[in-house]
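What follows is one structure encoded as C-alpha cells, with my remarks underneath.
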Amino acid sequence: MPTKPVLLIPARKPGAELAPLVQKLSASGAFEGIVLVDDGGGPEYRELFRSLARIDGVTVLTHVVNLGKGAALKTGLNHAAYCFPESAGVITADADGQHCAEDILKVAAELIATPHDLILGARVFDMNVPLRSRFGNALTRWVMRLVTGQKLGDTQSGLRGIPVDFIPSLLKLHANGYDFELDMLVTCKETGRHVRGVPISTIYIDNNRSSHFSPLRDSMRIYFVFIRFLAVSIATAVIDNVVFIASLHFWPNVLLCQAIGRLVAGTFQFTAAKRRVFHSRARVASALPKFWMLLAFSGVLSYLLIQSFLRYTPLQVIPAKLTAETVLFFISFVVQRDFVFAQPVSTAVNGDREV
C-alpha cells in the first residue's frame, strides 16, 4: 500500500492565506512532506518563505527568477519523486487561497484510495464565479471534450492528486506556464490514465484579483496544446484534395481519383496521427487494419455524399468534394481517437509502460 502523499504548493507572490494553510496542513499529519516552490517572488517574500521553512516537514525550493507555474510544478514534482519515491504521489494546490485545507485533504484521501488515477478537484461554476473564470473554464472544457473525448468538470483546477508513477511523464512535458496543467490532462488521454473528479469548494477571494492567470494570454497558450491534434488532420485533408484534383486532369473518374487521394493521404495520416497526434502506444499490427477499414469506409461514404451533392444540389465536383470531407472530418477524428489509436488499458496501470 502506498504511504501518504506529498503536498506541493507553487507560489510566486503569495498572500496572507498561505502561512495559516501550510501550518494547518502540517499539523494534520496527512502528508509525508510539504514542498513550497518560491517561483521568483523576489526579496520582499524571502522572510515569509524562511518562516515557512521552519515549520516541521516543510521544504522551500527557490527559483531566482519567475519561470512560470508549470516550471515551478516540475521543480516540486522532481523533488518529491526523488525524496519520497514510496509516497502515493503529490497533491498540488494553489497559494492564493482558492483551496481550503478540507478539500486538499479530501483529494489526498482519494489519491491514496486510487493511486493510479489522476485526481482532479472539480469546482462548480455558478453565477457567483467571476465572469473571466467562468467563461474561460467553460470554453476549455468544451474544447477538451471535443478534441480528446474527456468530459471533465474543471480543466483549470490547480488542486490535483498526481500518482508517483505519472511524474516521470510529466517532467518530460515542454510546457512551463499555465498550459502545463492542461497538457497534463492531454497526457492522461494519450497514456490511457483515468482522471477522477472530486467535488471541491469554489472559492474566489476579492474577485480572484490575486491570480496571476491572464485570461487572454494564458488561454491562448493553453489552446495551442490542441494544435497538434488538428494539424495532421488538416494536412491530410490538403494532401487528399490536392491529389484528387490533380488526378481529375488525367482520369475524369471521380471514384478512381477518390481512391488515389485516399491512398496517398492515408499513408501519411497513419504515421503522423499515431506518432504526432495521438501519441499512441497501440501496436501497428492492431491499429493499421482498423485505420484502413476506416479509410475505406470514409472513402465510400465520401463518394456517396459527393454523388448526392452533384445530383441534388447545384454544387460542382470540387465544392462537393470539399463539403463531403468537411462533414466527415469530425467523425473520422473521433473514430481514430477512440477506436483506431485507442491506448492499451494496461498503460495506466503499469506506469505508462506498454504491455
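Of all residues in the stretch 131-174, those that are acidic (Asp, Glu) and either over 22 Å from Cys83 (Cβ atoms) or at pLDDT below 75 (or both) total 1. Ala72 passes every criterion in (1) under 19 Å from the mean Cα position of the chain (by Cα); (2) open to solvent by less than 20 Å² (accessible area, probe 1.4 Å); (3) within 16 Å of Gly197 (Cβ to Cβ) apart from (3). Considering (1) aromatic (Phe, Trp, Tyr); (2) surrounded by fewer than 22 Cβ atoms within 10 Å (Cβ to Cβ); (3) touching a strand residue (DSSP E or B) at 6+ places or on another chain (Cβ under 6 Å), the lone condition that Phe31 does not fulfil carries the number (2).
Condition check ((1) on the phi > 0 side of the Ramachandran plot; (2) touching a residue at least 24 places away in the same chain (Cβ under 8 Å); (3) buried (at least 17 other Cβ atoms within 10 Å of the Cβ)) across all residues:
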position	(1), (2), (3)
Ala11	no, yes, yes
Leu18	no, yes, yes
Leu21	no, yes, yes
Lys24	no, yes, no
Gly40	yes, yes, yes
Ser51	no, yes, no
Val60	no, yes, yes
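Taken together, the criteria place Leu310 among residues that are more than 16 Å from Leu328 (Cα to Cα), more than 32 Å from the chain's Cα centre (by Cα) and assigned to a helix (DSSP H, G or I). Scanning the stretch 315-337 for residues that are open to solvent by 50 Å² or more (accessible area, probe 1.4 Å), of a type in the set (A, V, I, L, M, F, W, C) and over 25 Å from the mean Cα position of the chain (by Cα) turns up Leu315, Ile318, Leu322, Val327. Determine whether Asp240 is in a helix (DSSP H, G or I), modelled with pLDDT under 85 and acidic (Asp, Glu). For Asp240, the condition - in a helix (DSSP H, G or I), modelled with pLDDT under 85 and acidic (Asp, Glu) - is not met. Take Val264 and decide whether it is more than 28 Å from the chain's Cα centre (by Cα), of a type in the set (Val, Ile, Thr) and either within 30 Å of Asp183 (Cβ to Cβ) or open to solvent by 80 Å² or more (accessible area, probe 1.4 Å) (or both). Criteria not met by Val264.
The values are calculated or read from the model by the stated rules, or taken from the named source; none is laboratory data. Being a predicted model, the structure only gives us computed values, none of them experimental. Using ideal geometry, Cβ is built from the backbone for each residue, glycine included, and neighbour counts are taken over all protein chains shown. Accessible surface areas use protein heavy atoms only, side chains included; no ligands, DNA or RNA. Shrake-Rupley method; radii C 1.70, N 1.55, O 1.52, S 1.80 Å.
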